[in-house]
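Have a look at the structure below, then the notes.
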Amino acid sequence: MQISPLIAFAHVGKSFGGGRGTQAVRAVDDVSLEIAEGEFLVIVGGSGSGKTTLLRLANRLIDADQGQITVEGDDVRSVDPIQLRRRIGYVFQSGGLFPHFSVSGNIGITPKLIGTPPDEIAARVDELLDLVRLDRALYRDRFPHELSGGQRQRVGVARALAARPRIVLMDEPFGALDPLTRDALGDDYRELHRKLGLTTVMITHDMTEALLLADRIAVMRGGKLLAQGTPAQLSRSEDPYVGELLRTPRRQAERLNALLPRGSAA
Amino acid sequence: MSFFSDPRWGEALAHLPDYLGNHVRVSVTALALGLVVSLPLAIAARNHRAIRGALLGFASIVQTVPGLALLALFYPLLLALAALSLAWFGAGFSAFGFLPAVLALALYSMLPVLRNTITGLGGVDPAIREAAEGVGMTPLQSLFQVELPLALPVMMAGIRTAAVWVIGTATLSTPIGQTSLGNYIFAGLQTQNWVFVLFGCLAAAMLALAVDQLLALIEAGIRHRSRLRVLAGGIGIATLVAATLVPQTARAPSGIIVGAKTFAEQYVLSALVAQRLRAAGFSAGSREGLGSNVIFEALAAGDIDVYVDYSGTLWANQLQRADIRPRAELLAELKATLAHRNITLLGELGFENAYALVMPRRRAEALGIRGIADLASHAATMSMAADYEFFSRPEWAGLQKAYGLKFRTQRQMQPDFMYAAAASGEVDVIAGYTSDGLIAKYDLVVLEDTRHAIPPYDAIMLLAPKRAGDEALRAALTPLLGSIDIATMREANLRAAGGDGASSPDAVARWLWDKVGKR
Ligand SMILES: Nc1ncnc2c1ncn2[C@@H]1O[C@H](COP(=O)(O)OP(=O)(O)OP(=O)(O)O)[C@@H](O)[C@H]1O
Ligand SMILES: [Mg+2]
């Protein structure tokens, strides 16, 4: 049976600049990509390859120049962007927490915007704090500047989930974290994704993280979608850049194995 | 007498509820109006570079207009508007005092508010703005829930600056008829009452400081999310405003309002008129320190009821006449013309306060100068000083034409300093006033105007249209007519410049009545 994809990009292009003598940047160039319901897609690629731009196009933080984007079957240009964004959870690359809102204010913002009663929001905030493993009583009333980087990113994830979206877009949600926390948070989120039946598109720089979390991986370079597929499919790719990307984690693992004799430390 | 036992401190203190109350009300209203206009403008302009530039440019230009000029400009503007409104809608409004002061000060407050609001909104991290969009806020929700709260500390700093500016500049609203702490300063400067000047400056500075600190408290409260501090600051401001409203409701302006221009003789005469009115059972108040053009229009509009002007001034300024007539003829024509506007020329006080060319007696004698005609041949090597308006008045043009005067240099000076400058030889000739007491004090001589280039300047009492038929008022004022000769007025003016407790306008007016009332 052919399931229609939850998010679909068809020949999408987006350029920036070009005014006042500067050369236009083709940030996203003829990208076609489909994400099925319940899928966990990870986008990888070098800095400036267009990953964030692609994600912002999906909830219309910016509009495409070319091509068509559909979310839940609707062309995004034909729906109200405000309603669209309230339906989609978004975790920002830089965190994007509101510095003048407490943790609960940040997490509860989208439910508040759609008119959820305050007591329901409060209950939802506590539930989400549990979900991202932050102590309710301790963190609810803190302000972003009173949190560690990792705690902020957890709040960012909780905020994206607050209005019970079906789709979550995450832009390097676990960047700038120590490896242990990062690993744990990744596993936690993967579990949430499964439990809540979410459809997730996540961007990361870390190939190992991508391989461990993703159902499917999309590789971007210079605005173009270079390859997409399951880790196994990608490993058969003939593109040298993709090959290089995939070899890196394995080579690192082998070198680590050599450096750390089996059974030591752990 | 020691500095603090000077009775003028007590006198100054007695005026405080009235002056401070008016000062706070005009400042707070102007600031509120400024905010109501500037905030939406700044918000609307924040994403449009061209509009933003135009707005800031406009506000900066307004800022470069001296406060006094800005305030003075609003008076004729509003006067014209009031006339239009009367013609079109059958209802005029008073272009005097409160309204022009509020409008000018509001305009003055705009620059810091506009600039800081635009800067504050522009300084919000774009990532935060994108996050606001990303969580599903509408542009308005983003503005009110995210951008404005984050910009608020910077905006508050602008509001503080505006508040301090407005409170300081409001002292200049006295000449357009708005009572303010400036009344102390203007009256004090004119009557050499340094206690008043000091008191006015201190009161204005302390008010500005208090408001600034209260706003700073609110600002700190916003910054540190301390509701307590915001509340405390808010209550402080509200208390200040409320406290100044109480005495005002208690003393609504009533009775006959006597006007005075911005020089000592006028303060003395208005005090004299007010004293005579009270003695006759009227309740009388005063509006002092009014600009020369403002005061006549205020009388015509009924904002004041009575004041003393000078025939030559009205002849040139209100009748726009450049020709010169003999005294009696000029007075008769003036009276008839004023009657057209329903203004009553009650009569002359008995002395003239005309412009006159004045120089040290010895020097004049040494050079053989008796009249202005003798001056012409020496003028090319001489310097001359006059007040701020003289050189642009028709009298000066008339003098130059009649006598062919051309001085080496011309300077403008505060009238109080002019006579001393002439006595010390710093300038050779000054355009003084015939009734000034300093002429005798410094042994100066008034040069004869044999060709009658300067029109007569009889002191005359004028009544507002609404008082034209008030017989009791006329009866109370009639004893003053023809009673004050030039020597007496000169002495009164000299006393008013005495700089001690006996030199307050009220005290001098009492002395004056003692002297002339028995005649
Ligand atoms: N608003 C913008 N205006 C102009 N250029 C932009 C804008 N946003 C992105 N770009 C450009 O588009 C290209 C792709 O940017 P994008 O943010 O999508 O990269 P990215 O893959 O997310 O990079 P990173 O991994 O560093 O976050 C870059 O060259 C960037 O400079
Ligand atoms: Mg990015």
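The values are calculated or read from the model by the stated rules, or taken from the named source; none is laboratory data. All figures in this text were calculated on a predicted structure; none of them were measured in a lab. FYI the Cβ positions are ideal-geometry reconstructions off the backbone, even for glycines, and counts take in every protein chain you see. The area values use the complete protein model at the heavy-atom level, side chains included, leaving out ligands, DNA and RNA. Shrake-Rupley method; radii C 1.70, N 1.55, O 1.52, S 1.80 Å.
The candidates A:THR110, A:THR208, arranged from most to least accessible area with a 1.4 Å probe in the full protein assembly, appear as A:THR208, A:THR110. Show me the chymotrypsin sites (Phe, Trp or Tyr not before Pro) within region B:373-411 that DSSP assigns to loop and that have at most 12 other Cβ atoms within 10 Å of their Cβ. Hits after loop and neighbour filter: B:TYR388. Label-to-label distance for A:HIS205 and B:SER392 is 6.7 nm, based on points extended 7 Å past Cα in the beta-carbon direction.
In the protein assembly as shown, if the dipole is taken from +1 on Lys/Arg beta carbons and -1 on Asp/Glu beta carbons about the Cα centre, which of B:THR409, B:GLN320, B:ILE235 is farthest to the positive end? Among B:THR409, B:GLN320, B:ILE235, the one farthest towards the positive end of the dipole of the protein assembly as shown is B:ILE235. Modelled this way, with points 7 Å down the Cα-to-C-beta line, the labels at B:HIS48 and A:GLU238 are 5.8 nm from one another. Loop-resident trypsin sites (Lys or Arg not before Pro) (DSSP state other than H, G, I, E or B) in region B:316-384 with no more than 16 further Cβ atoms inside 10 Å of their Cβ: B:ARG341, B:ARG370. Think of it as helices only: each DSSP H run of n ≥ 4 in chain B is worth -39500 (n - 2.57), and spread over all residues that comes to -19500 deg cm²/dmol at 222 nm.
Per-residue ellipticity at 222 nm from helix content only, as computed over chain A with -39500 (n - 2.57) for each DSSP H run of at least four residues, stands at -11500 deg cm²/dmol. Computed from point charges on the beta carbon alone (+1 for Lys and Arg, -1 for Asp and Glu), the dipole magnitude for chain B about its Cα centre is near 620 Debye. Secondary structure note: in chain A, about 55% of the DSSP beta bridges are antiparallel.
Legend: residues A:GLU172, A:GLU254, B:GLU352, sorted from most to least accessible area (1.4 Å probe; ligands, DNA and RNA excluded), read A:GLU254, B:GLU352, A:GLU172. Between the listed residues B:PRO126, A:GLY89, B:VAL427, the Cα displaced farthest toward the positive end of the dipole of the protein assembly as shown, a dipole computed from Cβ unit charges relative to the Cα centre, is found at A:GLY89. Inter-chain neighbour count for A:92-100: the average number of beta-carbon atoms from partner chains within 10 Å of each residue's beta-carbon is 6.
When the Kirkwood radius is taken over all Cα pairs of the protein assembly as shown, what Stokes-Einstein diffusion coefficient follows at 10 °C and 1.306 mPa s, in µm²/s? Translational diffusion coefficient: 48 µm²/s. Here r is the Cβ-Cβ distance between A:ARG255 and B:SER60 and R0 is 60 Å; the resulting FRET efficiency, rounded to 0.05, is 0.40.
If you sort B:TRP88, B:TRP9 by accessible surface, 1.4 Å probe, largest first, the order is B:TRP88, B:TRP9.
For region B:21-175, how big is the tail of P(r) above 20 Å, as a whole percent of Cα pairs? Value for region B:21-175: 55 percent of Cα pairs lie more than 20 Å apart.
The modelled label-to-label distance between A:GLU146 and A:ARG190, using points 7 Å beyond Cα along the C-beta direction, is 3.4 nm.
Size descriptor for region A:84-159, Kirkwood hydrodynamic radius: 12.3 Å (Cα pairs only, one decimal).
Along the axis of the charge dipole computed for region B:3-250 (Cβ charges of +1 for Lys and Arg, -1 for Asp and Glu, origin at the Cα centre), the listed residues B:ALA72, B:ALA106, B:SER38 are led at the positive end by B:SER38. Looking at region B:3-250, the accessible area is 44 square angstrom per residue; that uses a 1.4 Å probe and ignores ligands, DNA and RNA. For region B:38-121, trypsin sites (Lys or Arg not before Pro) are listed when DSSP marks them as loop and at most 13 other Cβ atoms sit within 10 Å of their Cβ; the list is empty. A straight line joining the Cα centroids of region B:307-358 and region A:225-242 runs 102 Å. In this structure B:HIS452 has an accessible area near 130 Å², from a 1.4 Å probe over the protein heavy atoms.
Considering only protein heavy atoms and a 1.4 Å probe, what is the carbon-and-sulfur percentage of the accessible area of region B:3-250? Accessible surface attributable to carbon and sulfur in region B:3-250 totals 75 percent. Helix B:264-279 and the longest principal axis of the C-alpha atoms of chain B enclose an angle of approximately 90°. Among beta bridges from DSSP that stay inside chain B, the antiparallel ones total about 55%. Buried area at the B:A interface is about 1700 square angstrom, summed over both chains, from accessible surfaces computed with a 1.4 angstrom probe.
For the pair B:HIS340 and A:ARG77, a Förster radius of 45 Å applied to the C-beta separation gives a FRET efficiency near 0.05, rounded to the nearest 0.05.
Beta bridges per DSSP, both residues in the protein assembly as shown: antiparallel share near 55 percent.
The C-alpha atoms of chain B define a longest principal axis, and helix B:7-45 lies at about 50 degrees to it.
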